[in-house]
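FYI, it's all coordinate maths here, none of it is from the lab. This is a predicted model, so every value here is computed, not measured.
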Amino acid sequence: MMRAASYRPAQAGIILIMALVLLLIATLLGVSGIRNVLLQEKISGNNYDQSMALQATESALRAAEAKIESNPDITALNGQSCLAPTLCPISPPDDAPTGWTDIDAAYLVNTALLEGKPQYFIQLMSETNSDDESGISGSALANQYGGSGGIVSRTYRITARSHAPDAATGRAAVRLQTTVKVDR
């Protein structure tokens with residue numbers, strides 16, 4: 001009996017090359033996906049860190065507002081008077097010798113997640129009189145321009161920061177300002 005000869009074509013190895021190319025493409029897609037996930041994780045971590053710093057800074061603003069309401073005397077507040085002729089910077093310097101005050105424990109938030117304590121800096125911007133000769137008693141600067149009546153209200157600028165600049169490295173730092181008017 002004669003066996004039928006089976007014919008097998010010569011293989012050139014094209015299947016192996018195709019498989020290697022597909023494996024390379026799959027590997028590149030996997031590495032790209034991993035890099036994208038790692039980048040998203042860093043962005044998410046930075047957003048979280050900034051959110052914690054923002055909450056701490058807002059608590060410092062609330063603490064300063066409460067301090068002003070309890071005692072509006074600028075020296076008792078460890079603040080800075082910016083009444084004429086004194087000019088104050090728009091934002092107090094980080095290395096100011098006095099003025100930056102740590103917040104009280106009652107206003108601390110997320111203490112385990114932050115480095116350093118939130119701080120505030122209070123500046124007295126203007127005093128308004130009840131009675132003045134020029135008829136500008138409603139002006140925030142009436143006292144500086146000849147007002148003679150008693151002080152009716154004071155305007156303060158509060159600058160708050162999430163922590164002292166030297167307290168944390170590599171962490172988000174937030175600085176906020178607000179203006180508060182206190183009527184007497």
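The phi torsions of the range 95-103, fed into the Karplus equation with coefficients 6.51, -1.76 and 1.60 and a -60° offset, translate into couplings of 9, 4, x, 9, x, 6, 10, 5, 7 Hz, rounded to whole numbers, with Gly and Pro shown as x.
What's the extension gain from Ser91 to Ile25 if we count 0.36 nm per residue and subtract their Cα-Cα distance? Before the final figure, lay out each step's value.
Numbers: separation 66, 0.36 × 66 = 23.76 nm, distance 5.39 nm.
Separation in residues times 0.36 nm, less the Cα-Cα distance, equals 18.4 nm.
Starting from the Cα-Cα distance between Ser70 and Ala84, subtract it from 0.36 nm times their residue separation and give me the gain in nm to one decimal. Please list the in-between numbers first.
Details: separation 14, 0.36 × 14 = 5.04 nm, distance 2.48 nm.
Length gained, Ser70 through Ala84: 2.6 nm.
Straightening the chain between Thr179 and Met18 buys 51.1 nm, computed as 0.36 nm per residue apart minus the Cα-Cα spacing.
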